[in-house]
Amino acid sequence: MMRLLSTWLNPFYWLDDHISPRYRGMYTLFKKELLRFWRVAFQTIASPILTALLYLLIFSHVLESHVKVYDQVSYTAFLVPGLMMMSLLQNAFANSSSSLIQSKVMGNIIFLMLTPLTYLEFFIAFLAASMIRGLAVGLSIYLVALLFVDVPTVHPWWIIAFALLGSALLGTFGVIAGIWADKFDQMAAFQNFVIMPLTFLSGVFYSIHSLPPFWQAVSQLNPFFYMIDGFRYGFFGQGDVSPWLSLGVVGVFLLALAWLCLKMLKSGYKLRS
Amino acid sequence: MAAAVEIQGITKHFGAFEALRGIDLTIGQGEFFALLGPNGAGKSTLINLMSGLLRPTSGHIRIMGHDVQSDYQQARMALGVVPQELVFDPFFNVREMMRFQAGYFGCGPENDGWIDEVITGLGLADKAHTNMRQLSGGMKRRALIAQALAHRPPVIVLDEPTAGVDVELRQMLWVFIQKLNRQGHTIILTTHYLEEAETLCQRVAMLKQGRVVTLDTTQQLLRSHAAKQLSLRVEGVVPAHLQTMIKQQQGDEVIFNLADIGQVEIILSALRQAQVAVLDIQLQEVDLEDVFLNLVGSQGGQA
Ligand SMILES: Nc1ncnc2c1ncn2[C@@H]1O[C@H](COP(=O)(O)OP(=O)(O)O)[C@@H](O)[C@H]1O
Ligand SMILES: [Mg+2]
């Protein structure tokens, strides 16, 4: 009975037997990358959810009665999409980047380099696993937040579009960083000096309209701002800029990073010399 | 029939350093082949060029007829490489790693029988569900070999598979690898233990400073480098006309290289005439170690 249940609950059960040999290599890498974070789900899923909820409780408690960003939207509700997106982005980045840097430092990256996997398959497998981790964390934060606060979903398709684009963008960024970095501390520096500031200064906790003009202008140079603003538009039907502008900016960034990443992988940068 | 491995005019430079300086080598299907040479000779570099971990400065390599660069997918499908370093993935157990590795090559559940065969053949059966992290060094080495075999490659390359490994595993490993060789797999190995190469391999290439200095069958190598040695303990001075046959002299111990066994007679009678007393006599077979030291010099005596 338990066995039956576990095979039915195992999403790979059917695919393992039926995937075509042509795609099995990519599928296997994707599956391994998924299992890699799922095995340590407490650290990779539960812990970011908890962190986001702590932000939610503390900031909403302190600021709820002082800050009003949009009419008819409580500050606590306003915070939820920003925190979801922030966690989604950070975790999509963490997945591919930490997997690659670990494999490189441990040396087991060669198990992949010895296979007939193409650079495109390599990219897609790492990207898809990163996106799923980011999306899983984001969705979980939403579900838990619903216990505390009502969050509307005015334009679900915008929500989905920005969740997919954001996770893809940071998953790609993670592959680039993972291939570029040679040591853990380089990766940590990357995370602390690039990813963290960009996410925190992107309007997770405020609308940029509340900033002085100079900082508004600076914020508009930050691609993370558009991901969060477009995502938030999906929930509330209002944002700091048009969702189409955000879509354009995020789309262009995604294409540029994907191009760079594929170029690195194709040339064998830092992997084959 | 395509050669298992065909290496043509391979050079590899690391910056200004020339690790390989023009290697030509063909290894036929079904051969058991040894690649020997002192540390730093370029063995691992050559293997990494076969597997595509490195790219050559010039030259071509084909595995089972497939160019490792222009036709890399087919070439890698045909190749299983056991790397020299003991690397592993700490997230998974032995069987999972083998399934993943086979999966990267497109092998699915139909391959599970083979995976079991490898796991049993390498004595990993009771460790199949142990996390890689928790395996001892010897067990990790077995798992590394198992992983290289996961997709059942026709050409198997083992880069010092028995370095730092206990006798029991070495024996078990060679029994299993010889079985694979009988089934038609081509085996290429580098090893520190020259007796292993001598008993296992039909042909041997010796590398020195990025060049092949010898390429021959093991038998022919042993024969052409003086089949036997005569080791004597003497009292007195060995006559001058015997000096050219001396391989080594240390105190009263003199070792002669013999082209054939009849020379024993000649040496002994010459010594008797010169009134040199013979205290002890030993006749020795030459082994690969001697040939190796002869050819590549005694640089630490390592293969
Ligand atoms: N990635 C590299 N960069 C620079 N030099 C290297 C690199 N890999 C190997 N070498 C040098 O090339 C030579 C051959 O090394 P290697 O092929 O590992 O020798 P072997 O396996 O025969 O002991 C050595 O002198 C080594 O220092
Ligand atoms: Mg080596």
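What the table shows:
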quantity: Subset tally (residues that are touching a Leu at 6+ places or on another chain (Cβ under 9 Å) and within 17 Å of A:Leu262 (Cβ to Cβ)) for the range A:100-112; calculated: 1
quantity: Boolean, A:Lys68 is closer than 25 Å to A:Gly237 by Cα and either within 14 Å of another protein chain (Cβ to nearest Cβ) or without any contact (Cβ under 8 Å) to a residue 24 or more places away in the chain (or both); calculated: yes
quantity: Options B:Arg141, B:Arg233, B:Arg203: the member that is farther than 22 Å from B:Leu46 by Cβ and either away from ligand 1 (no atom under 16 Å from the Cβ) or free of Cβ contacts under 8 Å to residues at least 40 places away in the same chain (or both); calculated: B:Arg233
quantity: Unique match (being touching a strand residue (DSSP E or B) at 6+ places or on another chain (Cβ under 8 Å) and open to solvent by 60 Å² or more (accessible area, probe 1.4 Å)) among B:Gln250, B:Gln263, B:Gln209; calculated: B:Gln209
quantity: Residue in the range B:230-239 that is surrounded by 16 or more Cβ atoms within 10 Å (Cβ to Cβ) and more than 30 Å from B:Ala259 (Cβ to Cβ) present; calculated: no
quantity: Tabulated pairs, the range B:3-29, first within 14 Å of chain A (Cβ to nearest Cβ) and open to solvent by 30 Å² or more (accessible area, probe 1.4 Å), second more than 10 Å from ligand 1 (Cβ to nearest atom) and in a loop (DSSP other than H, G, I, E, B), C-beta under 8 angstrom, 6+ apart or interchain; calculated: B:His13/B:Thr57
quantity: Filter result (small (Gly, Ala, Ser), part of a loop (DSSP other than H, G, I, E, B) and modelled with pLDDT of 90 or more) within the range A:189-238; calculated: A:Gly237
quantity: Residue selected from the range B:156-182 under the condition acidic (Asp, Glu) and touching a helix residue (DSSP H, G or I) at 6+ places or on another chain (Cβ under 7 Å), by the criterion nearest to ligand 1 (Cβ to nearest atom); calculated: B:Asp159
quantity: The range A:180-195 - residue that is over 18 Å from the mean Cα position of the chain (by Cα) and within 21 Å of A:Ala256 (Cβ to Cβ) and, of those, least open to solvent (accessible area, probe 1.4 Å); calculated: A:Ala181
quantity: Qualifying residues in the range B:83-98 (those that are under 26 Å from the mean Cα position of the chain (by Cα) and facing chain A (nearest Cβ under 10 Å)) - the one most open to solvent (accessible area, probe 1.4 Å); calculated: B:Glu85
quantity: Some residue of the range A:251-265 being part of a loop (DSSP other than H, G, I, E, B) and either of a type in the set (A, V, I, L, M, F, W, C) or surrounded by 14 or more Cβ atoms within 10 Å (Cβ to Cβ) (or both); calculated: no
quantity: For B:Ile61: the one exception among (1) over 21 Å from B:Ile177 (Cα atoms); (2) open to solvent by less than 50 Å² (accessible area, probe 1.4 Å); (3) modelled with pLDDT under 95; calculated: (3)
quantity: Wholly within the range B:9-110, strands (runs of 3 or more DSSP E) carrying at least 1 residues that are within 16 Å of ligand 2 (Cβ to nearest atom) and assigned by TED's automatic domain parsing to the domain that holds B:Gln147; calculated: B:17-27, B:32-36, B:79-82
quantity: Residues of the range B:100-120 that turn out to be facing chain A (nearest Cβ under 8 Å), buried (at least 18 other Cβ atoms within 10 Å of the Cβ) and farther than 22 Å from B:Ala4 by Cβ, as a count; calculated: 3
quantity: Flag for B:Gln147 being at pLDDT 95 or above, more than 30 Å from B:Gly22 (Cβ to Cβ) and under 15 Å from the mean Cα position of the chain (by Cα); calculated: no
quantity: Test: residue in the range A:198-208 that is loosely packed, with under 13 Cβ neighbours inside 10 Å, closer than 19 Å to A:Gly82 by Cβ and either among the β-branched types (Val, Ile, Thr) or more than 14 Å from chain B (Cβ to nearest Cβ) (or both); calculated: yes
quantity: Condition check for B:Asn48: within 11 Å of another protein chain (Cβ to nearest Cβ), among the polar types (S, T, N, Q) and either in contact with a Lys or Arg (Cβ under 6 Å, 6 or more places away or on another chain) or within 15 Å of ligand 1 (Cβ to nearest atom) (or both); calculated: yes
quantity: Hits in the range B:30-45 - residues which are open to solvent by less than 30 Å² (accessible area, probe 1.4 Å) and within 8 Å of ligand 1 (Cβ to nearest atom); calculated: B:Gly37, B:Pro38, B:Ala41, B:Gly42, B:Lys43, B:Thr45
quantity: Cβ pairs under 9 Å, 6+ apart, first in the range B:280-292 and under 12 Å from B:Leu258 (Cβ atoms), second assigned to a loop (DSSP other than H, G, I, E, B); calculated: B:Leu283/B:Ile261; B:Glu285/B:Ala227; B:Val286/B:His225; B:Val286/B:Ala226; B:Val286/B:Ala227
quantity: A:Ala128 vs. criteria open to solvent by 10 Å² or more (accessible area, probe 1.4 Å) and either polar (S, T, N, Q) or over 17 Å from A:Tyr233 (Cβ atoms) (or both); calculated: yes
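Here's the yes/no breakdown for (1) farther than 30 Å from A:Ser267 by Cβ; (2) within 14 Å of chain B (Cβ to nearest Cβ):
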{"residue": "A:Ala46", "(1), (2)": "yes, no"}
{"residue": "A:Ser60", "(1), (2)": "yes, no"}
{"residue": "A:Ser74", "(1), (2)": "yes, no"}
{"residue": "A:Asn91", "(1), (2)": "no, no"}
{"residue": "A:Val105", "(1), (2)": "no, yes"}
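The values are calculated or read from the model by the stated rules, or taken from the named source; none is laboratory data. If you're wondering where the values come from, they're calculated on a predicted model, not measured in any experiment. Methodologically, a virtual Cβ is constructed for each residue, glycine included, from the backbone with ideal geometry; neighbour enumeration extends over all protein chains shown. Remember, those area values only see protein heavy atoms, side chains included, never the ligands or the DNA or RNA. Shrake-Rupley method; radii C 1.70, N 1.55, O 1.52, S 1.80 Å.
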